[in-house]
1. Could you identify which residue out of LEU80, LEU11, LEU47 has the top mean-square fluctuation in a GNM of the chain using Cα springs shorter than 10 Å?
2. Where the eigenvalues come from the Cα gyration tensor of the stretch 1-50, what are the semi-axes √(5λ) of the equivalent ellipsoid, largest first, in whole Å?
3. About its Cα centre, how strong a charge dipole does the stretch 12-115 have in debye, to the nearest 20, once Lys and Arg get +1 and Asp and Glu get -1 at the Cβ?
4. Rounded if a/c is under 1.5, else prolate if a/b is larger than b/c, else oblate: which is the chain, with a ≥ b ≥ c the root eigenvalues of its Cα gyration tensor?
5. What does the charge count near ALA24 come to, summing +1 for each Lys or Arg and -1 for each Asp or Glu among other residues with Cβ under 14 Å from its Cβ?
6. Among GLY54, GLY65, GLY42, which one moves the most in a GNM of the chain with springs linking Cα atoms closer than 10 Å?
7. Would you kindly state how much longer the chain becomes between ARG98 and SER7 on full extension, computed as 0.36 nm times their sequence separation minus their alpha carbon distance, in nm to one decimal?
8. Hey, what do the phi angles of the stretch 3-20 turn into as Karplus ³J(HN,Hα) couplings, whole Hz, using 6.51/-1.76/1.60 and θ = phi - 60°, x for Gly and Pro?
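Nothing in this text is a laboratory measurement; each read-out follows from the coordinates by a stated rule. On a predicted model such as this, the values are computed, not experimentally measured, just so you know. Don't worry about glycine lacking a Cβ; one is built from the backbone with ideal geometry, like all the others, and counts go over all protein chains shown.
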Amino acid sequence: QVQLVESGGGLVQAGGSLRLSCAASGSFFSFYVVGWYRQAPGKQRELVATITSGGTTSYADSVKGRFTISRDNAKKTVSLQMNSLKPEDTAVYYCNARRSGSNIWGQGTQVTVSS
């Protein structure tokens with residue numbers, strides 16, 4: 001069973017950048033579709049970006065052109081590079097890994113963007 005640990009969150013000014021990392025333990029990580037989600041206070045959790053086992057990526061419209069998701073299967077990590085951050089990007093960011101029969105979440109990392 002894969003387990004996930006996020007890191008890299010913090011406080012940044014608007015226009016700044018952060019890089020989130022999701023480190024996995026366990027077997028067969030390369031077969032999982034991995035996604036970054038976020039949840040702001042009082043709002044539902046929303047999908048930010050995903051990357052398939054083959055490296056195909058997709059993004060929410062709100063982050064296209066600003067965020068980049070990538071993965072290193074050998075190191076069992078998935079990263080989310082976030083540039084041109086906006087106050088509305090403030091949220092807890094969660095890493096998710098899924099494949100048939102499994103849907104795994106990390107504990108989340110807080111990102112706060114000040115105006």
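1. Of LEU80, LEU11, LEU47, the Gaussian network model singles out LEU11 as fluctuating most.
2. On the way: eigenvalues 116, 42, 20 Å².
For the stretch 1-50, the ellipsoid semi-axes come out as 24, 15, 10 Å.
3. Values: 12 positive and 5 negative charges, 36 e Å.
Approximately 180 debye in magnitude.
4. Values: a/c = 1.86, a/b = 1.71, b/c = 1.09.
Taking the square roots of the gyration eigenvalues as a ≥ b ≥ c, the chain is prolate.
5. Values: positive: ARG71, LYS75, LYS76, ARG98, ARG99; negative: GLU6, ASP72.
Cβ neighbours under 14 Å give a net charge of +3.
6. Looking only at GLY54, GLY65, GLY42, the biggest GNM fluctuation is shown by GLY42.
7. Values: separation 91, 0.36 × 91 = 32.76 nm, distance 1.93 nm.
Full-extension gain reported as 30.8 nm.
8. Each residue of the stretch 3-20 in turn: 10, 10, 9, 8, 7, x, x, x, 9, 9, 7, 3, x, x, 10, 9, 10, 8 Hz.
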